[in-house]
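Each reported figure results from applying straightforward, stated rules to the coordinates on display, with no laboratory input. Predicted model, so just to flag it, every value in this text is computed and none were measured. Every residue, glycine among them, receives a Cβ derived from its backbone with ideal geometry; neighbour counts consider all protein chains shown.
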Amino acid sequence: MVVDRRGGGLRYVTKGSDLSQAALDTGEDADDYEPNWSPDGMRIAFTRTVWFCGGCDQEEVFIANADGTGVRWLTTDSSYASWDPSWSPDGNSFAARTNAGGISIFDASGHLLLMIPGYAAQPAWQPLGR
């Protein structure tokens, strides 16, 4: 959810029920967390727990417009989990932790660009210099 800077205007961005029926049909609501605003403030990448079956859950990266519309699943390769997204300063890619090799870099459409092996903590991009 988001609030305006004065603490008012509280509204939900995702409801956890706007899920693809192709990905889920268990009746479970999603768990959405770890939001990360795009540099232009127009989109939010976040982690969603996807329920593939009754006890088969996996973290994946989703994106939504700042107003909550256009929720899309970005990291659709379900052979590994992806979570904790961090936008690049130019908004053209994002990093995420994965259980397939440390940190992975994806383009803004969710296509895998690079896997950086090893133990990984929260990914974070250095801001562009001015």
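Descriptive notes on the structure:
- Gyration tensor verdict on segment 31-116 (Cα atoms; rounded if a/c is under 1.5, prolate if a/b is larger than b/c, oblate otherwise): oblate
- Here the Karplus relation 6.51 cos²θ - 1.76 cosθ + 1.60, evaluated at θ = phi - 60°, turns the backbone of segment 60-66 into coupling constants of 9, 9, 10, 9, 9, 5, 4 Hz, with x for every Gly and Pro.
- Computing FRET efficiency as 1/(1 + (r/R0)^6) for Val2 and Ala100, where r is the C-beta to C-beta distance and R0 is 30 Å, gives about 0.45.
- Label sites at Asp31 and Ala124, each approximated as a point 7 angstrom past Cα along Cα to Cβ, lie 2.4 nm apart.
- Other-chain or far-sequence residues with amide H under 5 Å of Ser88's (modelled H): Ser93, Phe94, Ala95
- Our coupling estimate for segment 109-119, obtained by passing each phi through the Karplus curve with A = 6.51, B = -1.76, C = 1.60 and θ = phi - 60°, is 8, x, 7, 5, 9, 7, 10, 10, x, x, 5 Hz, Gly and Pro reported as x.
- Loop sites in segment 39-128: chymotrypsin sites (Phe, Trp or Tyr not before Pro), DSSP, at most 11 other Cβ within 10 Å: Tyr119
- Amide hydrogen neighbours beyond the local backbone of Gly102, cut-off 5 Å, H modeled: Gly118
- Segment 31-116: relative contact order as a whole-number percent, Cα under 8 Å and 6+ apart: 21 percent
- Residues with amide H under 5 Å from that of Val71, placed H, sequence gap 5 or more: Asn65
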